[in-house]
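**Student:** Here it is, the structure in full.
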Amino acid sequence: MSLSSRCFIVFLHTAGLAVLCAQDAPKIDGLLPDSGGSGVPVVRTLAPVAGGAVAAMLAVPPKYADGILEVTGRGGSPNPKEWVLQAWNTEDPGTVHKLTVAGDQFLSDSLSVNIYAAERKEINIPMSAVGIDSGGVWEIARSYAAANGATLGQVDYLLTCHAKRTPPVWTAECRDAAGKTLGKLEILSTSGTVRNFSGFKKVPQ
């Protein structure tokens, strides 16, 4: 299946996900405001963005697509040079692999030595539950930095599920351009809700 076809399928899955209440987040490029039928202003992901985490998830071979356990990217501004994914092989469920993607180009595949991921091989990330891409996480992080008088320079991303039948969670470790730690955010990937944060004394208004 081509990347464009798979992007279209994910669009169909995610188009109806209402994400990120306007009172909690800034306007995000690439997202459109919508009431979601509830009267509460929200934004919706339109499609995977080149270089983003969702594009990386779509770039892996089909045998890994339904077995992605975690997605990490370091030094994103907003997106990192490479994404590293831990995924189990659905054609051989006993093995967990480390996959590397740059942009939407699949680069490498090797057996994973991530013991934590291997122990969680049944707690995969449902693609339909990723309503906020890394670009949206960046904008939320940037708003928190600005509220605290700082300028966001880079983000280390982690997307994972902590248990079965729970939504995936983004963890964003935020730094300024000099590498100084600003704070840490935990964001629900389905709604864009910031469920926990540390390091930031103020929240965006």
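Values in this text are rule-based calculations from the coordinates and carry no lab data. It should be emphasised that the depicted structure is a prediction, and the values quoted were computed from it without experimental measurement. Please note: Cβ atoms are built from the backbone with ideal geometry, for glycine as well, and neighbour counts cover all protein chains shown.
**Student:** Amide H neighbours of His97 under 5 Å, at least 5 residues apart or on other chains, H built in the peptide plane: list them.
**Tutor:** Ala87, Trp88, Asn89, Ser112
**Student:** If one computes the Cα centroid of the range 64-106 and of the range 125-200, what distance in Å separates the two points?
**Tutor:** Answer, in whole Å: 18.
**Student:** A follow-up question, please. To check my understanding: the extent here is largest minus smallest coordinate of the Cα atoms along each principal axis. What are those three numbers for the range 59-199, in Å, largest first?
**Tutor:** The Cα atoms of the range 59-199 stretch 50, 30, 24 Å along the principal axes, largest first.
**Student:** Beta carbons within 10 angstrom, averaged per residue: use that to sort the peptides 75-84, 53-62, 173-182, highest first. Display every interim value, and only then the final one.
**Tutor:** Values: 75-84: 19.3, 53-62: 22.1, 173-182: 14.6.
By packing density, highest mean first, the sequence is 53-62, 75-84, 173-182.
**Student:** Are any of the pairs Lys81/Lys201; Lys63/Lys98; Lys98/Lys184 more than 20 Å apart by Cα-Cα distance, and if so, which? Numbers along the way, then the final one.
**Tutor:** Details: Lys81/Lys201 30 Å; Lys63/Lys98 13 Å; Lys98/Lys184 25 Å.
Over 20 Å apart, Cα to Cα: Lys81/Lys201; Lys98/Lys184.
**Student:** How do the peptides 186-196, 127-137, 157-167 rank, highest first, by the average count of neighbouring beta carbon atoms within 10 Å per residue?
**Tutor:** On the way: 186-196: 19.2, 127-137: 24.0, 157-167: 15.4.
Peptide ranking by packing, descending: 127-137, 186-196, 157-167.
**Student:** Separate question: How far apart, in nm, are two points set 7 Å out from the Cα along the Cα-to-Cβ line at Asp66 and at Ala129?
**Tutor:** In this crude label model, Asp66 to Ala129 measures out at 1.6 nm.
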